[in-house]
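Enquirer: One structure is given below, represented as structure tokens, and several questions about it will come after.
Every read-out reported here was derived from the displayed coordinates using simple, explicitly stated rules and does not represent laboratory data. The structure presented is a predicted model; accordingly, all values stated were derived computationally and were not measured. Ideal geometry is used to build each Cβ from the backbone, glycine not excepted, and the neighbour counts take in all protein chains shown.
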Amino acid sequence: MITEATETKPVVAYVTTTCPYCRAVVQLFTELGVDAAYVEFDKMSDGMELRRVFNETYGVRTVPQVFVGGARVGGCDDTMAAHSSGKLKELLAGVGIAIN
């Protein structure tokens, strides 16, 4: 499920609903008008197992983790830095999403 979401959705963020860094990423995408897919580990019955698999698959333990076009952008700080530098805009354009 994790690999399928990452590889088939243009923008995917793996989050928990209680994490302030996750909320910041969700807010950024909302403000940019990006229709991202969110995998909310803490709202899934098998979320802890999926998170363990995610950690093993991608070698990261923190959330959020953002993927654009199947490529890992990173966590909150990485995503915000990519936005500030213009790199996020380029990545989004690469998957057909235009932002101002």
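Enquirer: Where is the GNM fluctuation largest for the chain (alpha-carbon springs, 10 angstrom cutoff): Tyr21, Tyr38, Tyr58?
Expert: Looking only at Tyr21, Tyr38, Tyr58, the largest GNM fluctuation is found for Tyr58.
Enquirer: Something else: Can you compute the radius of gyration and Dmax for the chain, using only the Cα atoms, both in Å?
Expert: Rg then Dmax for the chain, in Å: 12.7, 38.
Enquirer: Additional query: Of the candidates Val63, Val53, Val39, which one comes out as most mobile in a Gaussian network treatment of the chain with C-alpha springs shorter than 10 Å?
Expert: Taking springs between Cα atoms under 10 Å, the residue moving most is Val53.
Enquirer: Output the relative contact order of segment 16-100, whole-number percent, from Cα pairs under 8 angstrom with separation of 6+ residues. Don't jump to the answer; show the numbers that get you there.
Expert: Values: 74 pairs, mean separation 22.7, N = 85.
The normalised contact order for segment 16-100 reaches 27 percent.
Enquirer: Rounding to the nearest 20 debye, state how big the charge dipole of the chain is about its Cα centre with +1 on each Lys and Arg Cβ and -1 on each Asp and Glu Cβ.
Expert: On the way: 9 positive and 12 negative charges, 33 e Å.
Charge dipole of the chain: 160 debye, to the nearest 20.
Enquirer: Return the distance in nm (one decimal) between the two label points of a simple spin-label model at Val53 and Ser84, each offset 7 Å from Cα along Cα→Cβ.
Expert: Distance between label points: 3.6 nm.
Enquirer: Under 4.7 Å Cβ to Cβ, no partner at all: give me those cysteines from the chain, in residue order.
Expert: Cys76
Enquirer: Could you line up Ile2, Ile97 from fewest to most neighbouring Cβ atoms inside 10 Å? Mind showing how you got there, number by number?
Expert: Working: Ile2 15, Ile97 20.
Placing the least packed residue first, the sequence is Ile2, Ile97.
Enquirer: If you take every DSSP beta bridge whose two residues both sit in the chain, what share of them, in percent to the nearest 5, is antiparallel?
Expert: 65
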